[in-house]
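The values are calculated or read from the model by the stated rules, or taken from the named source; none is laboratory data. Source: prediction; values computed, not measured. Here the Cβ positions follow ideal geometry from the backbone for every residue, glycine too, while neighbour counts run over all protein chains shown.
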Amino acid sequence: MFYVIRYLSKIIPKRNLTPVRITLFAPFLPFLIALTLVLSACSSTRPASTDKPDRPDGVVDPERIASALPGTESFSDKEMRARVHFIRGVSAMELNDPDRAEVHLARAHTLLPDVPGVNYALARLYLEKNDYTSSVFFSRRAVDLEPENKWYRLLLVDGLRAGGEYREVIGQLDSALAYHPSDIQLLYTKARIQSSQGDYEQSNRTYQQILDLLGPDRAIHYQRISNYTRMDDTDAIIRELLKVLEMDQGNVNTLLMLSQFYLEEERMDEAAGLLEQVLQRNPQHPEALVNLADIHIMRGEWDKAGDLLLGLVGDPIVSLSNKLEIVQYVLSRFSHDPDNEPLQKTAAMLVDTLIADAPDNGMAHAMAAEFYLISENGEQSLYHLVRTTELMPENDAAWRQLVQTYYIEGMYEETIEAGLRAEEFIPQDAFILFFVGGAYFLQDDYGQAADWLGNAAELPARAPFRSIILGTLGDTYASLDNWENADSAYEDALSLDPDNDVVLNNYAYYLSEREIRLDDAKEMALRALELNPDNAAFLDTMGWIYFKLGDYEKAHEYIRASIETGDASAEVMEHMGDVYDKMGDPDRAHYWWQKALDKDENRTYLKERLHIN
């Protein structure tokens, strides 16, 4: 039997504790102020104080350095030349002239290769030039000359990291910490590198060392939370958030975040308590109200949930965008539990309140349409879909849903009319074209159906949907007795979706009607029944193929099964009469032909078989 189907279609806040900028002169400034250019005075890592203030960026002016040096009579000629090249090289770096800086610093290094400050300056220059190999070479030399200087070692760490040599990085930081065990910058750098390499547990241990030194620090706690999030350790996140909350009992963001983790752990009472604290501070906080309502919903406390949300949706102070979000949230819950009557009641009240509050808002009507579609109230859903398309004619989803709903409701004239209007705003939409073509087909206007469906088939769409379009186009051509095009459309449909049971059935039925390729028809009909074994039309097709093959017992078996589904059409009953006729039982044949005529009085040709005038 030919079959027509009406197709339906934590975020953890992060605060970076930015390390203090390592100024270019800081590591080697004391060495410049010393009696000679030799490293004997480089043990300090802090700039010496002078009368002249530092420049705004924290870098000491080279001229100031020169003026602070003692008389030049104590310097050798080599040291004097090295001193001049060094200061010129550093100045060139500050002026963003790396080539000139390299020339002067290289000359200074040639004259005094064992001065750590000169090695440091070259290492920094090469790091800025992305020459990581050279940077590591010179910074390693500076560290060897003055191992306790943390700035030299931090620069070595930067070079090693930039060059991807992570294995040595932590070792260098540990060496620096051996000299400076309480240095926050070193600890923080180590913790961040550990985290970047996925060693979250060790990173949090290092962050804990910082907390032991500093005391409670919100930024460090959030870094630990970030690591615990990557470790998917919710219990640890909760413990850390509780520590943050101890620092600021009234922080709404922390309360909300902690309540969300309690919800994930299904610790409803604790989550509800925190949300109530938020609402004590801000009674109209949308997120807190929605989450608390969610808890009431999960507990089945529909009245409490409804009261909370209705208070929000009905509040003139709450923005329309927030109201729309609330109603959409409840609709999403309702769509997953459409048989929940209390939830349906709550959703209905919210939708009504929203429409009353914003009667000319297209999104409000779109949500109302969604609610009534879920509730299977076609009349109300159509009303709100029409209003949505009037208020938001560019809303392609609303047009598609409107056309589809008209089609499902059997309102084919309205389907066509809506499709024609939709073409003005969203032309060449495969979905719209398909339903309009389907409506023409069901009105027996096969010419128009072929035009619309043919256009739909040429547009981009996912393979399963294109298979549906082509299958319906095949049905249309079959109704026009255009078998060449019908067969081509069916074959194309099955190439896109070999398990399209409707196409398998209809193609098989038309082949049997034409009494060609009956073995192929039988194979397709059997596959359709595998996919949908209780479909009355599919059972009838199988029986009719056996009838054409002359196996009347098998034909009787399948057609009887079709009738027993309770969904048999007049055509199935007629087929049963034909089977009994071939089996030599005219009385039973007449019985079923009469039932077919009673069910469909347009089958007037049966009167001749029944000998009715």
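Structure values in brief
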{"item": "Pairs with Cβ under 9 Å, 6+ apart, first in the stretch 66-88 and modelled with pLDDT under 50, second basic (Lys, Arg)", "result": "66/83; 67/52; 68/52; 69/83; 72/83"}
{"item": "Pair list, Cβ < 7 Å and 6+ apart or interchain, from the stretch 127-139 residues that are over 18 Å from residue 151 (Cα atoms) to residues that are at pLDDT below 95", "result": "129/98; 133/163"}
{"item": "Residue 473 vs. criteria within 32 Å of the chain's Cα centre (by Cα) and either buried (at least 24 other Cβ atoms within 10 Å of the Cβ) or under 30 Å from residue 346 (Cβ atoms) (or both)", "result": "no"}
{"item": "Qualifying residues in the stretch 451-465 (those that are part of a helix (DSSP H, G or I) and not aromatic (Phe, Trp, Tyr)) - the one farthest from residue 499 (Cα to Cα)", "result": "451"}
{"item": "Failed item, numbered, when residue 448 is tested on (1) at pLDDT below 95; (2) in a helix (DSSP H, G or I)", "result": "(1)"}
{"item": "Residues that are among the acidic types (Asp, Glu) and within 11 Å of residue 365 (Cβ to Cβ), drawn from the stretch 376-396", "result": "390"}
{"item": "Boolean, residue 158 is over 40 Å from the mean Cα position of the chain (by Cα), assigned by TED's automatic domain parsing to the domain that holds residue 92, in a helix (DSSP H, G or I) and surrounded by fewer than 21 Cβ atoms within 10 Å (Cβ to Cβ)", "result": "no"}
{"item": "Test for residue 114: is it part of a helix (DSSP H, G or I), surrounded by fewer than 16 Cβ atoms within 10 Å (Cβ to Cβ) and charged (D, E, K, R)", "result": "no"}
{"item": "Given (1) of a type outside the set (Ser, Thr, Tyr); (2) surrounded by fewer than 19 Cβ atoms within 10 Å (Cβ to Cβ); (3) over 22 Å from residue 506 (Cβ atoms), number of the condition residue 593 does not satisfy", "result": "(2)"}
{"item": "Flag for residue 225 being at pLDDT 90 or above, surrounded by 14 or more Cβ atoms within 10 Å (Cβ to Cβ), of a type outside the set (Ser, Thr, Tyr) and within 30 Å of residue 284 (Cα to Cα)", "result": "yes"}
{"item": "So residue 517, is it buried (at least 18 other Cβ atoms within 10 Å of the Cβ) and among the basic types (Lys, Arg)", "result": "no"}
{"item": "Single unsatisfied condition, residue 176 versus (1) more than 38 Å from the chain's Cα centre (by Cα); (2) outside the structural domain of residue 127 (by TED's automatic domain parsing); (3) among the hydrophobic types (A, V, I, L, M, F, W, C)", "result": "(2)"}
{"item": "Among (1) over 30 Å from residue 561 (Cβ atoms); (2) surrounded by fewer than 24 Cβ atoms within 10 Å (Cβ to Cβ) - the single one residue 529 does not satisfy", "result": "(1)"}
{"item": "Candidates 327, 351, filtered to the one that is in a helix (DSSP H, G or I), under 29 Å from the mean Cα position of the chain (by Cα) and closer than 20 Å to residue 285 by Cα", "result": "327"}
{"item": "Flag if residue 333 is under 25 Å from residue 399 (Cα atoms), out of contact with any strand residue (DSSP E or B) (no Cβ under 7 Å at 6 or more places or on another chain), among the charged types (D, E, K, R) and modelled with pLDDT under 90", "result": "yes"}
{"item": "The listed residue being surrounded by fewer than 20 Cβ atoms within 10 Å (Cβ to Cβ) and out of contact with any helix residue (DSSP H, G or I) (no Cβ under 8 Å at 6 or more places or on another chain), out of 352, 357", "result": "352"}
{"item": "Subset of the stretch 588-603 [of a type outside the set (Phe, Trp, Tyr) and in a helix (DSSP H, G or I)]", "result": "588, 589, 590, 594, 595, 596, 597, 598, 599"}
{"item": "Yes/no for residue 493 being in a helix (DSSP H, G or I), within 18 Å of residue 401 (Cα to Cα) and of a type outside the set (S, T, N, Q)", "result": "no"}
{"item": "Test: residue in the stretch 422-432 that is assigned to a helix (DSSP H, G or I), charged (D, E, K, R) and under 27 Å from residue 477 (Cα atoms)", "result": "yes"}
{"item": "Residue count, the stretch 206-242 (criterion: charged (D, E, K, R) and within 21 Å of residue 187 (Cα to Cα))", "result": "6"}
{"item": "Any hit, the stretch 393-416, residues being among the small types (Gly, Ala, Ser) and farther than 22 Å from residue 333 by Cα", "result": "yes"}
